[in-house]
Amino acid sequence: MEITKTQFKTQFESILESLNQNNEDIIIIDNGKPLFKVSKYQKSVSTRELFAPLRGKVKYYEDLMTPTWDEWSEVL
């Protein structure tokens, strides 16, 4: 939904209620150009939570930080 700065100022509470119900981003326009984007807050997932199901399931057989021979040959 796109609205002007003036509309946002005068209809602030109803716009926030609409945002809460519809979960639709609101673009605030000033002089025909987008100025701000207002969206409903969503808790982001931490990296720890995101990769928790994989913990202990990934196997590696060498030091992942050690360059491979191909990388070294490019340097030499």
Condition broken by Ile28, with the remaining ones in (1) surrounded by 10 or more Cβ atoms within 10 Å (Cβ to Cβ); (2) within 20 Å of the chain's Cα centre (by Cα); (3) modelled with pLDDT under 85 satisfied: (3)
Selection count where residues are exposed (fewer than 10 other Cβ atoms within 10 Å of the Cβ) and either modelled with pLDDT of 90 or more or not in a loop (DSSP other than H, G, I, E, B) (or both), scope segment 35-56: 7
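The values are calculated or read from the model by the stated rules, or taken from the named source; none is laboratory data. Since we're looking at a predicted model, the values are computed, not measured. Methodologically, a virtual Cβ is constructed for each residue, glycine included, from the backbone with ideal geometry; neighbour enumeration extends over all protein chains shown.
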